Amino acid sequence: MEVAHVKRAFRYRFHPTDAQVAELSRTFGCVRKVYNMALAARTEAWARGERVNYSQTSAMLTVWKKTAELAYLSEVSSVPLQQALRHLQVAFTHFFGKRTKYPRFKSRKKSKKSAEYTTSAFRYRDGNLTLAKMSGPLDIVWSRPLPEGVTPSTVTVSQDATGRWFVSMLCEDPAVVPLPATTTAVGIDVGLAHLLTLSTGEKIANPRHERHDRARLALAQRRLAKKAKGDGANRAKARRKVAKIHARITDRRRDHLHKLTTRLVRENQTLVIEDLSVRNMVKNRGLARAISDAAWSEFRSMLEYKAAWYGREVVAVDRFFPSSRLCSTCGIIASTMPLHVRTWTCKNCATIHDRDVNAAENLLAAGLAVSVCGAGVRPQRRDPGGQPATKQKTPRREP
């Protein structure tokens, strides 16, 4: 039986020529224009009680190209324009499914600059990638090779706020196969003092990438604020300096999370985490910056898709499960557990607990119970002065 390969995106830096910069910039502008015009048309139709789908906006694009004021749309490849309409259709599908908010118009300054090409709009041969209506192949920095004998199905070209150019190639990667099954399982408790605490007792330090560059970022932002408003060269230069610091923070954070999640997935068959509502937790002004810097949501996302790749299982325990207050030895729930308490002693069995290690051990036990037999994860035992787990009032997880 043929094995279905995992589709994986390979992202590379590239250095375009002046002619390619002009062509790509023109393509980005046309993509943004078509997306905004289609969104406006669909919004107007929605106000009249009508629905417009992708096929209708595609027919509109054909009409737009024939007008004098929009004839420049024919100067770029038509595939990125069609892909923009498909992306808009997906955005509306998510909106009607109540998964996202209503689609927004793309801004020339704030929106991501990107264009997507399908197989009919690019040629990939012998390590050379040439886009439709582009002069010559792209000068790609091949930091790692593509899977041998594989041709990309989709190519996305983008430029970030720092001015760096990237090309992302979507391929089927035959190298991604399920790992040999193991019997190891681990509970993972996320935090701020330590990024992760494992049920094995291991604590992984929080790199705090944003804090390390905070002074440099604040200085760059103050200098940007003093520049005259508008499209001046000095303001653009100051804006790029701010963007470079943000990019440095993001790149280092993502690199660290990739290494960490890959290691955890390779070493463990079952990984138990807590189903945190990070969106609500960042509403806490005192912890919002630190929580955002820790990137718990990105960590979970990486863990889940890598587990799916390699045949592992990720179990998410209910966020109201009192993992920190529950004694992992006797099952008694402490009445209160302030954030400053890092070690505590169980009143029932006198066991001394490290707060984070105890939480990770409880998450592991609860996750295995759910995985094996579908058992509940809210113990009902309580100490004489405590409250049942079902009546816990604090909706956010203690870091």
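The values are calculated or read from the model by the stated rules, or taken from the named source; none is laboratory data. Remember, predicted model here, so these are calculated numbers, not experimental data. Virtual Cβ from ideal backbone geometry, glycine too; neighbours counted across all protein chains shown.
Listed values, structure above:
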{"quantity": "Some residue of the stretch 91-107 being without any contact (Cβ under 8 Å) to a residue 60 or more places away in the chain, farther than 30 Å from P178 by Cα, touching a Ser or Thr at 6+ places or on another chain (Cβ under 7 Å) and not in a helix (DSSP H, G or I)", "calculated": "no"}
{"quantity": "Failed condition for S292, given (1) in a helix (DSSP H, G or I); (2) within 19 Å of L195 (Cβ to Cβ); (3) free of Cβ contacts under 8 Å to residues at least 40 places away in the same chain", "calculated": "(3)"}
{"quantity": "Verdict on S199 being buried (at least 16 other Cβ atoms within 10 Å of the Cβ), in contact (Cβ under 8 Å) with a residue 24 or more places away in the chain and either in contact with a Cys (Cβ under 9 Å, 6 or more places away or on another chain) or over 20 Å from E298 (Cβ atoms) (or both)", "calculated": "yes"}
{"quantity": "Number of the exception - V31 against (1) more than 25 Å from Q159 (Cα to Cα); (2) touching a strand residue (DSSP E or B) at 6+ places or on another chain (Cβ under 6 Å); (3) among the β-branched types (V, I, T)", "calculated": "(1)"}
{"quantity": "Qualifying residue in the stretch 129-144 (condition: aromatic (F, W, Y), touching a Lys or Arg at 6+ places or on another chain (Cβ under 9 Å) and on the phi < 0 side of the Ramachandran plot)", "calculated": "no"}
{"quantity": "Scan of the stretch 295-324 for residues that are crowded, with 20+ Cβ neighbours inside 10 Å, without any contact (Cβ under 8 Å) to a residue 60 or more places away in the chain and within 16 Å of A359 (Cα to Cα), ordered by number", "calculated": "V315"}
{"quantity": "Selection within the stretch 24-50 - surrounded by 20 or more Cβ atoms within 10 Å (Cβ to Cβ) and over 28 Å from the mean Cα position of the chain (by Cα)", "calculated": "R42"}
{"quantity": "Unmet criterion (only one of (1) touching a Ser or Thr at 6+ places or on another chain (Cβ under 9 Å); (2) modelled with pLDDT of 95 or more; (3) buried (at least 18 other Cβ atoms within 10 Å of the Cβ)) for A84", "calculated": "(1)"}
{"quantity": "Those residues of the stretch 304-360 which are in a helix (DSSP H, G or I) and in contact with a Cys (Cβ under 8 Å, 6 or more places away or on another chain), in sequence order", "calculated": "N358"}
{"quantity": "The one condition in (1) in a helix (DSSP H, G or I); (2) under 16 Å from Y117 (Cα atoms); (3) not hydrophobic (A, V, I, L, M, F, W, C) that Y72 fails to fulfil", "calculated": "(2)"}
{"quantity": "Close pairs from the stretch 245-263: first over 23 Å from L217 (Cβ atoms), partner part of a helix (DSSP H, G or I) and among the aliphatic types (A, V, I, L, M), Cβ under 6 Å, at least 6 apart", "calculated": "T261/M302; T261/L303"}
{"quantity": "Any hit, the stretch 171-186, residues being farther than 30 Å from W296 by Cβ and either exposed (fewer than 13 other Cβ atoms within 10 Å of the Cβ) or not small (G, A, S) (or both)", "calculated": "yes"}
{"quantity": "The lone exception for G149 - which of (1) assigned to a strand (DSSP E or B); (2) over 24 Å from D18 (Cα atoms) it fails", "calculated": "(1)"}
{"quantity": "Looking only at the stretch 124-146, and only at residues there that are assigned to a loop (DSSP other than H, G, I, E, B) and among the basic types (K, R), the one that is surrounded by the most Cβ atoms within 10 Å (Cβ to Cβ)", "calculated": "K133"}
{"quantity": "A369 being small (G, A, S) and either in contact (Cβ under 8 Å) with a residue 60 or more places away in the chain or in a helix (DSSP H, G or I) (or both)", "calculated": "yes"}
{"quantity": "Residue count, the stretch 3-45 (criterion: among the aromatic types (F, W, Y) and closer than 30 Å to P174 by Cα)", "calculated": "3"}
{"quantity": "Hits in the stretch 5-58 - residues which are in contact with an Asp or Glu (Cβ under 6 Å, 6 or more places away or on another chain) and part of a loop (DSSP other than H, G, I, E, B)", "calculated": "H5, H15"}
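Residues checked against (1) in contact with a Leu (Cβ under 6 Å, 6 or more places away or on another chain); (2) surrounded by 14 or more Cβ atoms within 10 Å (Cβ to Cβ); (3) closer than 25 Å to L39 by Cβ; (4) not assigned by TED's automatic domain parsing to the domain that holds R51:
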| position | (1), (2), (3), (4) |
| --- | --- |
| E69 | no, no, yes, no |
| L73 | no, yes, yes, no |
| S78 | no, yes, yes, no |
| F92 | no, yes, yes, no |
| K98 | no, no, yes, no |
| K101 | no, no, yes, no |
| K106 | no, yes, yes, no |
| F122 | yes, yes, no, no |
| V150 | no, yes, no, no |
